[in-house]
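Report on the structure given below.
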Amino acid sequence: MRLAFLADASLPHTVRWVNHFADRGDDCVLISLEPGSGFNCSVERLHDRPGLPRFVRYSLEIPSVVALLSSFRPDVVNAHFVPNYGWMAARARAHPLVVTALGSDILTVPARSFLHRWRTRYVLGQSDAITSDARMLSDAIEGFGVDAGRILTVPLGIEAARFVTLRERGATPVVVLSTRRLEPVYDVATLVRAYARLAPDERAGMILRIAGNGSQEAALRAVATPLGATFAGWLDSPAMDRELGAAHIYVSTSLSDSTSVSLLEAMAAGCLPVVSDIAANREWLEPGTTGLFFPPGDDSALADCLRRAASDTALRSAAAVRNRATIRARATWEKNMEDVGALFQRLAAARRS
């Protein structure tokens, strides 16, 4: 197939997704306003105008997208994120068009204004199909008037080769790990406040590791480092696997999410997830059995969860076995991406006929 992708080239998600199809032999091109590297196909950079509002910057490049698609003549166009690239593809009248929703583009962006809601409804209405990585996200997409038959619900998943055997962990100290980006929506500050609530002897039996980077890193370091927390920075996949392999407890304090790849990684690695009580997390975990839940933003409740998770070795062991089985059954990257490829094939065949 000839596949044209419109997406942010700077995101690791984009590299992973596009290279899946390029590596299997499809003729691919990525069209992006942002610079990026690591792609196994051609990349067409659009002209950026950083001084202008985001909506204007992307809209001005729609004629360039039309010209590139006309020249490449793809069988399928796949745009990632409803605003910006979904908007560009829809306005370029690209067909067949598959829009890949990533979570916030459906769950939070439309709430900003009438214009944002209208744009979301327009892009979804122009799409031939939409991919979603969570049932709750698909439900939200249906709320914009999209027929369920046009939505493919498929989590991204974990590569089968990443977690072949369950790593042995020492009993103490208990390692608590956060791998979310250090941005407001992921609310890592709540984890730091919860850690501060623990008594000094409780903290002495734990190691808090915070991976990732973002705009809140300096502020978080200033508060967490004196408590004994350490920061790992941004991690590539091998380094992430090493961190997860050494951790006992994984914490996600996110205020909004669809299916989190970070959560799936932690489940595959055998960490006990301690997560905010939001709909997407409940699609993967059973409270009190395969994970512990706390109300978003509630550092006192999170501190209680950390105490229980650190002391209950039986819970951690049983959850590790069940969570890894869940990942094998529902969240293997290669299998799930076959479903996306099959969607592309169906649309391409329908276009040719």
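Computed from the coordinates by the stated procedures, all read-outs in this text should not be read as laboratory data. Only a predicted model underlies this, so the values are computations on that prediction, with no experimental measurement involved. Here the Cβ positions follow ideal geometry from the backbone for every residue, glycine too, while neighbour counts run over all protein chains shown.
Structure values in brief
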read-out	value
At R0 = 51 Å, FRET efficiency that the Cβ-Cβ distance of T225 and V56 yields, to 0.05	0.80
Alpha-carbon centroids, region 313-353 and region 6-46: separation in whole Å	21 Å
Distance between region 173-203 and region 278-310 - C-alpha centres, whole angstrom	13 Å
Distance between modelled label sites at R2 and S300, nm, 7 Å Cα→Cβ extension	6.3 nm
Förster radius 41 Å - calculated FRET efficiency between R162 and R351 (Cβ-Cβ, nearest 0.05)	0.70
Separation in nanometres of the label points that stand 7 Å from Cα toward Cβ, at T172 and A329	3.6 nm
Between helix 12-23 and the chain: long-axis angle, C-alpha atoms, 0 to 90°, nearest 10	60 degrees
Where a label projected 7 Å from the Cα of T108 along Cα→Cβ would reach, residues of region 186-207 with amide N under 16 Å	186-191
Relative contact order [Cα under 8 Å, 6+ residues apart], region 200-349, whole percent	18 percent
Given (i) 18.6; (ii) 16.6; (iii) 17.5, the label whose value is mean projected area of the Cα convex hull in nm² derived from this model	(iii)
Total charge dipole magnitude, the chain, about the Cα centre, Cβ charges on Lys, Arg, Asp, Glu only, Debye to nearest 20	360 debye
Karplus (6.51, -1.76, 1.60) ³J(HN,Hα), θ = phi - 60°, over region 57-66, in Hz, Gly and Pro reported as x	4, 6, 5, 5, 9, 4, x, 5, 5, 4
J(HN,Hα) series, region 205-211, from Karplus relation 6.51 cos²θ - 1.76 cosθ + 1.60, nearest Hz, glycine and proline x	x, 10, 10, 9, 10, 10, 9
